[in-house]
Amino acid sequence: MKKLRRFAAVFSAILCVIASPLIVKADTAKKCSLTIIYSVHDNQKALKGADFSIVKIADLIDSDAQIYQSSEKFRELDIVYDGMNEKESEKRASEALEYIRKSNIQADYSCVTDDEGKAEFSDLSQGIYLVYQTGSRKNSDASLYYTVSPFLVKVPDKVSGKWTYEVTAYPKTETTLIPTDAPAQTNAGGQGNNQGIVQTGDSLLILGISVISGALLVAGFLLSGRWGNRHD
């Protein structure tokens, strides 16, 4: 029985030695980069000239367990990053963006997409970043505009058990049609702008025509009376 226990202990120790190299730790001192690829039509058309900003909202405090803690400015949001799914991440990103606008928190970095639709950020400390677009990007004939909802991204990111310090994000682009004809303003009568509304100059003209017409009508009656009297 004792031999069996000793064997089990030795076997467990061997397993720990073998498994230890499989636990890959992030190099916490290493700087990272983030590249945003902004495009439409399944990445076939790059969107140039779009403004993106990033703000670090959480620090990586344990790379083994991938534990993150909100930065001091964002602790009020009480975000739990462990086990966060995509839907929760989108919700938290929107809340964080609303919070920084209300609190007037400035972006850590800003960048404009180049000819390839790339916005590149380098020399980043490790953690979770909020990425958001400033304004919208119109197409060449101004018939469409493109926007990206705010999102969270981990830098570095762990892919297939390995830490990636050069992270690339492909945000989902939302397309909106810009109306070509704006509706005409209407007055109380439901007519288009300036239709059915008499201007001051028009009023004077109508009044003058009415006076002249009335005078001609009276003169006609008088002449008709005199003409009749002569024939009597």
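The values are calculated or read from the model by the stated rules, or taken from the named source; none is laboratory data. On a predicted model such as this, the values are computed, not experimentally measured, just so you know. A quick note on method: Cβ atoms are made from the backbone with ideal geometry, for glycine too, and the neighbour counts reach across all protein chains shown.
Would you mention how many residues in segment 59-107 are loosely packed, with under 10 Cβ neighbours inside 10 Å and among the basic types (Lys, Arg)?
2
Right, SER136: out of contact with any Pro (no Cβ under 9 Å at 6 or more places or on another chain), over 26 Å from SER70 (Cα atoms) and modelled with pLDDT of 55 or more or not?
It is true that SER136 is out of contact with any Pro (no Cβ under 9 Å at 6 or more places or on another chain), over 26 Å from SER70 (Cα atoms) and modelled with pLDDT of 55 or more.
For segment 156-168, give me the residue count where each residue is in a strand (DSSP E or B) and either at pLDDT 95 or above or over 22 Å from ASP123 (Cβ atoms) (or both).
The qualifying residues number 3.
Name the one entry in SER33, SER53, SER89 that is touching a residue at least 24 places away in the same chain (Cβ under 8 Å), on the phi < 0 side of the Ramachandran plot, of a type in the set (Gly, Ala, Ser) and not in a strand (DSSP E or B).
Residue meeting the stated conditions: SER89.
Would you mention how many residues in segment 92-110 are of a type outside the set (A, V, I, L, M, F, W, C) and either touching a His at 6+ places or on another chain (Cβ under 7 Å) or not in a helix (DSSP H, G or I) (or both)?
So the count comes out to 6.
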